[in-house]
Amino acid sequence: MTGGNTAVTQSSFRRGGLASVLRYDVPASLVVFLVAVPLSLGISVASGAPLAAGLVAAVVGGIVAGALGGSVVQVSGPAAGLSLVVAELVHVYGWRATCMITLMAGALQLLLGVFRVARAALGVSPAVVHGMLAGVGVVIALAQLHIVLGGQPQSSALENLLELPEQIINNHAHGVLTGVLTIVVLLVWTRLPKLKVVPAPLAALVIASLSAVALGWDLTAVDLTGGFGSIESPILPSGDWHAVVGAVVLVAVLAGVESLLTCVAADRMHDGPRADLDRELTAQGAANLISGALGGLPVSGVVVRTTTNVKAGARSRWSTVLHGFWVLLAALALAPVIGLIPLEALAALLLFIGVKMVNLGNAKNLSGHGEMPIYFVTMGAVVVIGLAEGIVIGLGLAAIISLRRLTRVSVEVQQHAGRWRVVVTGSLTFLGVPRLSEALRTIPPGAPVDLDLHVDFMDHAAFETLHAWRLEQERTGGSIDIDELHDNWYGAAASGTRVFPAKSPPQLDRWYLPWAYRRRAADPISEDLTIGTREYHRRTAPLVQPLLTRLARKQTPSHLFITCADSRIVPSLFTSSGPGDLFTVRNIGNLVPRYGSAPADDSVAAAVEYAVQALEVRTITVCGHSGCGAMAALLEEPQGLPSVRRWLRHGHESLARFVAESPGEESGPLDRLCRTNVLQQLQNLRTYPMVAELERAGKLELTAMYFDIGTARVHALPEEEPLSPVPEPRSG
């Protein structure tokens, strides 16, 4: 969470109440108000609109969008990012028609909010948004620089740049001094912690205004004559209605996207209630509809004011609403005071804001994702061509880069022991066919090939290329073993099965599946081991080789794991263990012959001795399972299996314990015997002197586990308590 020392918890937001509003929201609203007034006036200047239009938008944005919005801390009002659009609309249609376009854009936003499409705006590439804002910042800075120098801005950024040398030569000294003073105050003020109570923009305008009055500088004063009473009602635009509709959509989309992105950013600044984006878009639509009707600028969420609001300690939407009331009171009561502000000072403030909008930090963050070209191309296009055109070019470039990433494919060709291996990874489309063909040409005709397809899509052109190569390779005597590790694109196309254009049904990862589930019809059962080993070499060996290299000289397992030889029991599967974790003993019935028992059996004793004394394991676990064949044989005395009968003598203690215990009602006799047998093997382990001694000393722990095959669940077996499942990890 950001927001510095003003960070608060969600519970503190919820407590609310009048006391919270008075303590936190009222002071925060005053701070935001002091920032909003100069910025609103400056944006009016940059937009070519009446100065009062910016104050109207600030009032409506605060009261309407603040009261109805989906974020409790976002502050809305006139935004610098829309100033270029408004300036162009004013130039083409006039101010009153621009107000009608703002009104209609608000109605469109209302409609979009009702249909709950707000999250679609988050699909716009941030690189395009940041590049657009940077381009707008450059255009604003170049235009306002001419005003600071005492001239008039030209109609385009390039013209402003070309006219700049002459304007510098023929500058107006008083305007330059005012602009320099304003910018110096803006730079210094934020570096003086004790002065941060007063916002830097307000301080800069006050100091510049007082200096101009005291020194008698010849400057252009802000004209607020008539205040809100001078605002005219909107009228319908005249001219090409296609262009008007395009302007309405442009204002609605730009204002909406900027508001929603600011809303998302605001959620990262505080721990209060999360924003409702659809409600926020609806509120922005209502604010723009009212602002346009009252003769105000377009409204959107503003990052600077929202950040100021959070840092000032706002806890609820009352801060935003109250700041709108303070702006209204200031415009009504302080118009003469506002009229003392020099226009050159406002231009310098906008110049400073425009330069800050070119945020190279955003470009640096985008570089790690390969999106820096989108940022700079969008910014350059906005400056050179225009805002709408720049956005379209940026979106087009973002789409091209995304398409290139989605269709990126890698083809690796390796040769080992006379056999070739080709690994294709990515999305295999016609764009990747040249690379695929070039790689396949390096394989000599008639050679045996393992083809691994790690592809999430394969179009018809890629399939035909691959299939034609396979047929030719097999015609010349070669063998092709195709293994599709994710989706069955090639197999489905080769068999004539319909392949869905989006994605085929995903196959399960196969490492844990039995051979029978993975065997193709043509594969003989006798080659299961060979095929499985080949799959291990192709898929798993490269992954585990670095680990096994480290383990090659020494093993340091933590557990001796004694379990059944049953083919359904895979310890690494249900313990999530890897190489080097378990020193494993497997036998029929997971039996541990008692120390010194007859007939003697040294295999288990040797494993226990080696694990405890040589490997110094700290845990011995005996793991049984449901439906154990050895336990079934204990109950029924197998015929014709003399070796098994002799081995099962080591289970007679388990059978005697089973008979002595009262039968449970939760399971049948076989499962009860399986669990009883596990607990008995712990007692058998304790007959070994070295085990008993280490357990008494607290250096060795004996545990019992039970694997229920039918439910795929693992249970701990406390020696004196009922069956209990192994606790699952908590999420989050």
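Of all the residues that make up region 383-410, how many are surrounded by 15 or more Cβ atoms within 10 Å (Cβ to Cβ), within 28 Å of His460 (Cα to Cα) and at pLDDT below 85?
The number of residues fulfilling the criteria is 1.
If you scan region 174-208, which residues turn out to be touching a Pro at 6+ places or on another chain (Cβ under 6 Å), open to solvent by 10 Å² or more (accessible area, probe 1.4 Å) and modelled with pLDDT of 85 or more?
none
Quickly run through region 439-453 and pick out the residues that are more than 23 Å from Gly491 (Cβ to Cβ) and among the β-branched types (Val, Ile, Thr).
Scanning region 439-453 gives a single hit, Thr442.
Quick grid of which residues meet (1) touching a Ser or Thr at 6+ places or on another chain (Cβ under 6 Å); (2) at positive phi; (3) crowded, with 19+ Cβ neighbours inside 10 Å:
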| site | (1), (2), (3) |
| --- | --- |
| Asp459 | yes, no, yes |
| Glu464 | no, no, no |
| Glu472 | no, no, no |
| Gly478 | no, no, no |
| Tyr490 | no, no, yes |
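Exactly one condition in (1) assigned to a helix (DSSP H, G or I); (2) closer than 20 Å to Met357 by Cβ is not met by Pro153; state its number.
(1)
Here are the criteria: (1) modelled with pLDDT under 95; (2) open to solvent by less than 30 Å² (accessible area, probe 1.4 Å). Tell me which single one Thr563 does not satisfy.
Result: Thr563 fails condition (1) only.
Among the residues of region 578-616, write down those that are small (Gly, Ala, Ser), closer than 13 Å to His650 by Cβ and in a loop (DSSP other than H, G, I, E, B). Spell out how you get there, then give the answer.
Going residue by residue through region 578-616, those that are small (Gly, Ala, Ser) are 578, 580, 589, 596-598, 600, 603, 605-607, 611, 614.
Add one more test, that the residue is closer than 13 Å to His650 by Cβ, and what stays is 589, 596-598, 600, 603, 605.
Once the filter is applied, which keeps residues that are small (Gly, Ala, Ser), closer than 13 Å to His650 by Cβ and in a loop (DSSP other than H, G, I, E, B), region 578-616 yields Gly589, Gly596, Ser597, Ala598, Ala600.
If I go through region 296-324 residue by residue, how many of them are over 29 Å from the mean Cα position of the chain (by Cα) and of a type in the set (A, V, I, L, M, F, W, C)?
4
Inside region 150-173, can you point out the residues that are open to solvent by less than 70 Å² (accessible area, probe 1.4 Å) and within 46 Å of the chain's Cα centre (by Cα)?
Residues satisfying the conditions are Pro153, Ser156, Ala157, Asn160, Leu164.
Only helices (runs of 4 or more DSSP H) wholly contained in region 285-398 count here; list those with 1 or more residues that are more than 19 Å from Ala53 (Cα to Cα). Reasoning before the result, please.
On the way: elements: 303-311, 318-333, 335-338, 343-357, 360-367, 372-384.
Here the list reads 303-311, 318-333, 343-357, 360-367, 372-384.
Please find, within region 308-334, the residue that is farthest from Ala275 (Cα to Cα) out of those that are without any contact (Cβ under 8 Å) to a residue 60 or more places away in the chain and not small (Gly, Ala, Ser).
Checking each candidate, the answer is Leu334.
For region 288-295, indicate whether the set of residues that are under 31 Å from the mean Cα position of the chain (by Cα) and surrounded by fewer than 23 Cβ atoms within 10 Å (Cβ to Cβ) is non-empty.
no
Looking at (1) in a helix (DSSP H, G or I); (2) of a type in the set (A, V, I, L, M, F, W, C); (3) under 26 Å from Leu582 (Cβ atoms), which one does Val659 not meet, given that it meets all the others?
(3)
Would region 342-362 turn up any residue that is farther than 30 Å from Asp25 by Cβ and open to solvent by 60 Å² or more (accessible area, probe 1.4 Å)?
Checked against the condition, which is being farther than 30 Å from Asp25 by Cβ and open to solvent by 60 Å² or more (accessible area, probe 1.4 Å), region 342-362 yields at least one hit.
Checking the condition modelled with pLDDT under 90, touching a Leu at 6+ places or on another chain (Cβ under 6 Å) and either under 18 Å from Tyr595 (Cβ atoms) or not in a helix (DSSP H, G or I) (or both), which residue from Glu665, Glu719, Glu728 passes? Reasoning before the result, please.
Details: Glu665 fails: touching a Leu at 6+ places or on another chain (Cβ under 6 Å); Glu728 fails: touching a Leu at 6+ places or on another chain (Cβ under 6 Å).
On inspection, the qualifying residue turns out to be Glu719.
What are the pairs, 6+ residues apart or on separate chains, where a residue within region 608-622 that is over 16 Å from Val592 (Cβ atoms) has its Cβ under 8 Å from a residue that is open to solvent by 30 Å² or more (accessible area, probe 1.4 Å) and of a type in the set (A, V, I, L, M)?
Matching pairs, first to second residue: Gln613/Met690.
Considering only residues of region 617-641 that are among the aliphatic types (A, V, I, L, M) and not in a strand (DSSP E or B), which is farthest from the chain's Cα centre (by Cα)? Give the steps one after another, and end with the answer.
So the first thing to find is which residues in region 617-641 are among the aliphatic types (A, V, I, L, M), and the list is 617, 620, 622, 630-635, 641.
Add one more test, that the residue is not in a strand (DSSP E or B), and what stays is 617, 630-635, 641.
Details: Val617: 42, Ala630: 52, Met631: 52, Ala632: 54, Ala633: 56, Leu634: 57, Leu635: 58, Leu641: 61 Å.
Looking at residues that are among the aliphatic types (A, V, I, L, M) and not in a strand (DSSP E or B), I get Leu641.
For region 118-165, which residues satisfy the criterion of being over 20 Å from Gly42 (Cβ atoms) and either touching a His at 6+ places or on another chain (Cβ under 7 Å) or without any contact (Cβ under 8 Å) to a residue 40 or more places away in the chain (or both)?
Ala120, Gly123, Ser156, Glu159, Leu161, Leu162, Glu163, Leu164, Pro165
Got a sec? Which of Ala58, Ala107, Ala65 is of a type outside the set (Asp, Glu), more than 30 Å from Gly339 (Cβ to Cβ), modelled with pLDDT of 85 or more and part of a helix (DSSP H, G or I)?
Values: Ala58 fails: more than 30 Å from Gly339 (Cβ to Cβ); Ala65 fails: more than 30 Å from Gly339 (Cβ to Cβ).
Checking each option against the conditions leaves just Ala107.
Among the residues of region 672-708, write down those that are farther than 18 Å from Pro718 by Cα, in a loop (DSSP other than H, G, I, E, B) and among the hydrophobic types (A, V, I, L, M, F, W, C).
Ala697
Within region 411-434, how many residues turn out to be open to solvent by 50 Å² or more (accessible area, probe 1.4 Å) and touching a Gly at 6+ places or on another chain (Cβ under 8 Å)?
0
What is the residue count in region 566-581 for residues that are closer than 20 Å to Leu685 by Cβ and either at pLDDT 95 or above or of a type in the set (Ser, Thr, Tyr) (or both)?
Summing the residues that are closer than 20 Å to Leu685 by Cβ and either at pLDDT 95 or above or of a type in the set (Ser, Thr, Tyr) (or both) in region 566-581 gives 1.
The values are calculated or read from the model by the stated rules, or taken from the named source; none is laboratory data. Here the structure is a predicted model, which means the values were calculated and not measured. Please note: Cβ atoms are built from the backbone with ideal geometry, for glycine as well, and neighbour counts cover all protein chains shown. Only protein heavy atoms, including side chains, enter the accessible area calculation; ligands, DNA and RNA are left aside. Shrake-Rupley method; radii C 1.70, N 1.55, O 1.52, S 1.80 Å.
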